[in-house]
Amino acid sequence: MIRTNVLQPSSVRNVIAKEGCFSLVEYEKDISVMPSDSMAAYFASQMNVRKRQVFAELNGNGVIIQAKAMQMMIGQMHAETNLKGAGDLMKKFVGSKVTGETAIKPRYTGNGILVLEPTYKYILFEDLKRWNGNMVIEDGMFLACDDTVDMKVTARSTVSSALLGGEGFFNTSLVGEGVVVLESPVPAEELFVVDLEKDVIRIDGDMAIAWSKSLEFTVERTTSTLIGSAASGEGLVNVYRGTGRVLIAPVAETKKPGQAAIKKA
């Protein structure tokens, strides 16, 4: 039997979110700094620049996490790779090269608490039920998920979206049932959530960080003519059309469609 205070609030940390087996702990202030760093640490905490840590409570279930993300395993747990043979290794290696994700992601099962490494990045919990079982994410956002979620590589359906959209030729899609843990460039409070039903959204830049795979993604002119687009000063925009959800980071640093898209891909 194990007793621990890792998920109990204290004067410096609190559990600020929970979804499924995952909990998010945020350290409201860093009190372990040297006196010379205390002023910077104080103002960082006031601007929401804080350490965050994800915990997964396992009771016979399993989770998949990003490689090297594990800090400790509390309880009777064991880890295994997500490889099914040499062919699967090659497939995952190729996929990792085109999406920026690591090829091997360990799966943890058993009973206990899995603790992930602390990070200053912002953490999102997304239940795939809210995405009709399928979402596409920006490169490098994946942190963890239930082992009932399958990770796949999704290619762009059109040449224009791949070359001009600023999103690359390939992305990671998460399919199935369960909770996904993502590392976001901005906090959840700053995200725009747009649900489309046979409708369209046009975005000037690569501000979309996640979207439903059911949406058609293209790059189009803002107006019907080249002269009109040039006169408006907007040029090309990313277009998501159909039925589904889009997560948008409106204040994150972005590129206009077409800027360094080929280099990124």
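Bear in mind these aren't lab numbers, they're just calculated from the coordinates by the rules spelled out. This one's a predicted model, so the numbers in the text were calculated from it and none came from an experiment. Here Cβ is always computed from backbone atoms with ideal geometry, including for glycine, and neighbour counts include all displayed protein chains.
Past 30 Å, Cα to Cα, is the threshold; run LYS51/LYS198; LYS105/LYS129; LYS29/LYS129; LYS29/LYS213; LYS121/LYS213; LYS68/LYS129 against it and keep the listed order. The partial results should precede the final answer.
Values: LYS51/LYS198 40 Å; LYS105/LYS129 23 Å; LYS29/LYS129 34 Å; LYS29/LYS213 38 Å; LYS121/LYS213 25 Å; LYS68/LYS129 28 Å.
Check vs 30 Å cut-off fails for LYS51/LYS198; LYS29/LYS129; LYS29/LYS213.
Please enumerate, by chain and number, the aspartates and glutamates with C-alpha under 13 Å from the C-alpha of LYS18, excluding those fewer than 8 residues away in the same chain.
GLU26, GLU57, GLU126, ASP127
Ranked by Cβ crowding within 10 angstrom, fewest neighbours first, how are GLU216, GLU189, GLU57 ordered?
Details: GLU216 13, GLU189 7, GLU57 18.
The fewest-first ordering by Cβ neighbours comes to GLU189, GLU216, GLU57.
Determine the sum of side-chain charges near LEU128: Lys and Arg each +1, Asp and Glu each -1, restricted to other residues whose C-beta is under 12 angstrom from that of LEU128.
-2
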